[in-house]
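Written below as structure tokens is the structure these notes are about.
Every number in this text was worked out from the coordinates using simple rules, so none of it is lab data. If you're wondering where the values come from, they're calculated on a predicted model, not measured in any experiment. Please note: Cβ atoms are built from the backbone with ideal geometry, for glycine as well, and neighbour counts cover all protein chains shown.
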Protein chains: 2
Amino acid sequence: MTVTTTETNRQIRLKKRPVGMPAPGDFEAVASPRPAPRDGEVLRRTIYLSLDPYMRGRMSDAASYANPVNLGDVMVGHTVSQVVDSRHPNFRAGDIVTGYDGWQEYAVSDGKDLRKLDSSVPISTAIGVLGMPGMTAYVGLLDIGQPKPGETVVVSGASGAVGSIVGQLAKIKGCRAVGVAGSAEKCRHVVDELGFDACVNYKTDDLVNALRDACPKGIDVYFENVGGAVFAAVLRLLNKFARIPLCGMISEYNVTQNPGGPNLRPLLVHRAMIRGFIVSDHYDRFPAFLQEVVPLVRDGRIKYREDIVDGLDAAPWALIGLFEGRNFGKALVRVSPEDPGTG
Amino acid sequence: MTVTTTETNRQIRLKKRPVGMPAPGDFEAVASPRPAPRDGEVLRRTIYLSLDPYMRGRMSDAASYANPVNLGDVMVGHTVSQVVDSRHPNFRAGDIVTGYDGWQEYAVSDGKDLRKLDSSVPISTAIGVLGMPGMTAYVGLLDIGQPKPGETVVVSGASGAVGSIVGQLAKIKGCRAVGVAGSAEKCRHVVDELGFDACVNYKTDDLVNALRDACPKGIDVYFENVGGAVFAAVLRLLNKFARIPLCGMISEYNVTQNPGGPNLRPLLVHRAMIRGFIVSDHYDRFPAFLQEVVPLVRDGRIKYREDIVDGLDAAPWALIGLFEGRNFGKALVRVSPEDPGTG
């Protein structure tokens, strides 16, 4: 049993399982007692909480690759925190760590789930470009997509936390990078700021024709984040021996009817490959990822954009925004200030 | 220019491109002059012609992995033939060869396309279990599906030329082999004669429930020959890290409307892989295939069943039968007798 104090720990818990799009009423904000560390434990204060599309799956009890959040439990999520009290030899007050503390202001554990951060890059990157989303881009593009110089890589969700890194890594590897995103502003950012060769606006463009124009040599790698119409259009433009890392299908996470899918005969004709992957199967590649990508981020060769909302209570609204395409960049919640002295 | 004689060479040519299911009127039988070999050439008489689902693609001018047959040209196809006249040092009259002579009684060429057959197995096997269909099963199951002992392998078109070999190879590799076929008689054959562990009749069984009963440990490899409803049912029963070699989609070859496809989210949840393949990309594996499978056929550990029609004029009807599921075993046309003295 965890020792608690009389101080509070604001938490957001799952109250109801959503039907279709999550609604604010599916969540419940609760003032719990703040836990206190026992011998061997570490108490930390959450600074940043990452919001990610996979959270929709955890809110549902449909079969998936991970167990759902139980009703009444704190919502899960990657976090960057500061140690406020430590009775563990490896951590001391003030340390900045990343963990999986979820939607709450304070968390305590034996520290096995924590990784201390160095200070050469902003700490929020540990749950963004240098965390799970960046690692997802790295493994999916390089290990599964296996792009070769001169090939064309298309990525959907191109301005998002994963897609933005996929396209920049593709450029660094000598490929043509083409994004698909949901607004003219996002497309401009993807091309002008991130350096993609082209970006298609799936809301206004004729997808097949716009992709054909953007990919004059066809598509060799399609990094799939969204499913639906974009995927169907891409299938019509595949090159021989194309590879499709299947990372997510965000367009389908809130549907209540099975949406069917595209006809797969192009896979046969073009000897193409689709492989579904979950980044947590690939953490043996985490050291290689950090070794390659930390310097790229530090040198500004890989850029990232964050879309930060303030305060834990904004998290439900911001998560819903992910599915509505409202966010522009990596979705983060600033749960408490980096430097509590100025908060 | 090929020298011709006054004798005839019956041919079946493509007259019209089919709309939907091919019809007899899409073909035309023609009595051409029989070619004669010049220096360096080999004339042979067709004995067996193989009928295969890929031929539907060649009749169409839609984009595919191979060029279509031109209107007015002889239909293509794998053949077993006997040399009747040779002006080539490597061949002599009486040799039995396999080639790609198409739907005609006689063919002549420089011999580069021919392979002489040894006599340890029936000659028809060179275009069946020991030819392209058997090689397709071998490469698709072993190289792409990579079954491990104890895993469950499902194959559709289980009584057909490819599927029957897939299941038997799966058993030899220590897997549970489950077939899907289109009649009770075919299912009995698949289980009782070929030794599969179970077979589901897709025409009468509730696919998902019948497959679930036949695959109590889920599905690790699905060798896809048919597309459509069977594929959708299989997706619901995939195990983690399942592999799906996509060999063909015969249920869709004659549709006139794009049939859509199943939703692919199970690929993501189960980290599964689909890879389209065409056997002609993999002929570097042909020697390995023959080395492994010829002894298995010779020893009766791999069985095969042939569905032979007599006479070239029956070929259109028999090819249509492939798409209707009328054939039961490898579809062959006996164009002329093996021993012409008894013909």
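Miscellaneous remarks
- Counting lysine pairs in chain B whose alpha carbons fall under 15 angstrom apart, excluding pairs fewer than 8 residues apart on the same chain, gives 10.
- Relative packing of peptides B:241-252, A:270-281, B:316-327 - highest average C-beta neighbours within 10 Å first: B:241-252, A:270-281, B:316-327
- Taking the C-alpha atoms only, the angle from helix B:163-172 to the longest principal axis of chain B is near 60 degrees.
- 0 to 90° range, to nearest 10: angle between helix A:315-324 axis and chain A longest Cα axis: 10 degrees
- Inter-chain Cβ neighbour count for A:276-285, averaged per residue, equals 3 (cutoff 10 Å, partner chain atoms only).
- Each other copy places its own label point for B:Asp313 at 8.8 nm from this one, sorted shortest first, where the point lies 7 Å along the Cα-to-beta carbon line.
- Percent of Cα pairs exceeding the 26 Å cut-off, where the set is chain B: 50 percent
- For B:Asp61, the distances from its label point to the matching points in the remaining copies are 5.8 nm, ordered from shortest, with each point set 7 Å beyond Cα toward Cβ.
- Simple rule: put +1 on each Lys or Arg Cβ and -1 on each Asp or Glu Cβ in region A:146-298, find the dipole, and look at A:Gly163, A:Val191, A:Gly261; the Cα lying farthest toward the positive end is A:Gly261.
- Those Cys residues of the protein assembly as shown for which no other cysteine Cβ falls under 4.7 Å: A:Cys175, A:Cys215, A:Cys247, B:Cys175, B:Cys215, B:Cys247
- Spacing of the two label points (7 Å from each Cα toward its C-beta) at B:Arg92 and A:Val208, in nm: 5.9 nm
- Taking 7 Å steps out from each Cα toward its Cβ at A:Asp118 and B:Met21 produces label points 6.9 nm apart.
- Around the Cα centre of chain A, unit charges on the Cβ atoms of Lys, Arg, Asp and Glu (plus for the first two, minus for the last two) sum to a dipole of about 840 debye.
- Take B:Pro295, push a point 7 Å out from Cα through the beta-carbon direction, and compare it with the same point in every other copy: 5.2 nm, smallest first.
- Taking B:Gly77, B:Gly174, B:Gly182 as the candidate residues, the one with maximal mean-square fluctuation in a Gaussian network model of chain B, Cα springs under 10 Å, is B:Gly174.
- Most positive-pole-ward Cα, B:Ala288, B:Tyr222, B:Met132, against dipole of chain B from beta carbon charges: B:Tyr222
- Calculated from the alpha-carbon coordinates, the protein assembly as shown shows an Rg and a Dmax of 30.4, 107 Å respectively.
- Tilt relative to chain A, helix A:286-298 - C-alpha long axis, 0 to 90 degrees, to 10: 80 degrees
- A Cβ-based charge dipole, computed about the Cα centre of region B:132-298 with Lys and Arg at +1 and Asp and Glu at -1, lands at about 440 debye.
- Toward the positive end of the charge dipole of the protein assembly as shown, with +1 on the Cβ of Lys and Arg and -1 on the Cβ of Asp and Glu, the farthest Cα among B:Thr6, A:Val42, B:Val234 is that of A:Val42.
- Net charge over other residues, Cβ less than 12 angstrom from the Cβ of A:Thr125 (K, R count +1; D, E count -1): +2
- For the protein assembly as shown, size of Cβ-based charge dipole, Lys and Arg +1, Asp and Glu -1, in debye: 160 debye
- Rule-of-thumb Rg ratio for region A:132-298 [Cα; 2.2 N^0.38 Å; N residues]: 0.96
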